[in-house]
1. For a bin width of 5 Å, list the pair-distance distribution of segment 93-156 built from all Cα-Cα distances, rounded to whole %.
2. F124 to F165: FRET efficiency via 1/(1 + (r/R0)^6), r the Cβ-Cβ distance, R0 41 Å, to the nearest 0.05?
3. Can you run the Rg to Rh ratio on segment 87-203? Use alpha carbon positions and the Kirkwood inverse-distance Rh.
4. For the pair I40/D179, report the inter-label distance in nm, with labels modelled 7 Å from Cα in the Cβ direction.
Amino acid sequence: MKKHILAFTTAALLASAPSLAKINVGPESDFDYSSITLGIGQYEVEGYDFANSISISASQAVSEHFYIKGSYESIQPDYTWIDSDSNYSILGGYKHNFDDTNFSLYTSVGLGFGSYTIDDDLVFLSDIGFKYAITYDLMVGSSMNFILSEESHEYIFDVSADYFFTNSFSLGLEYKMSDEISSSEDIAIFSSSYLGLNAKIKF
């Protein structure tokens with residue numbers, strides 16, 4: 001599936017290449033944090049197990065510096081020893097946009113429910129990251145994400161790149177690496193990685 005995601009992204013960019021040079025959209029419009037994002041991707045667990053993912057998230061700025069965000073993710077493992085599962089989350093965040101630099105910092109905290117834990121318990125979620133507009137149509141970002149529960153804590157490193165076709169629409173790639181640590185024994189439970197394609201619609 002990773003090959004299909006990369007092939008689809010490359011084909012989309014090449015197909016639109018003649019018009020890209022004429023677009024001067026300024027991805028700093030993404031700094032208002034009001035958007036809907038659709039994602040497809042694949043998890044690789046311990047280097048040999050795979051799971052397909054479909055997700056949707058929505059973020060809404062409620063003031064100059066604060067926003068709320070909710071998300072849903074459906075996970076379909078390729079392996080049979082784990083059933084399909086879902087994750088839900090809701091977070092509140094703070095953002096700061098640096099004038100004349102095309103740079104934005106953000107952090108958020110919230111709660112999650114679903115396959116974050118074996119027993120579908122509530123978990124505490126938090127993140128800190130940045131967005132940076134390299135050019136008028138390309139934005140990159142990175143974040144550290146934390147998932148805390150009674151049974152474990154997970155660290156997720158995320159990098160992304162989004163290409164803006166208009167002020168209201170972008171396509172992007174996202175890559176994540178994660179490690180989950182047992183809370184009781186302080187040993188690694190498993191590691192995983194994720195590669196996905198996102199489509200973002202601004203509103």
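No value in this document is a laboratory result; all are computed from the given coordinates. Predicted model, so just to flag it, every value in this text is computed and none were measured. Counting neighbours? That spans all protein chains shown, and the Cβs are built from the backbone with ideal geometry, glycine included.
1. It works out to 4, 16, 22, 16, 13, 11, 9, 6, 3, 0, in whole percents.
2. On the way: r = 36 Å, r/R0 = 0.89.
Result of the calculation: an efficiency of 0.65.
3. 1.02
4. In this crude spin-label approximation the distance works out to 3.3 nm.
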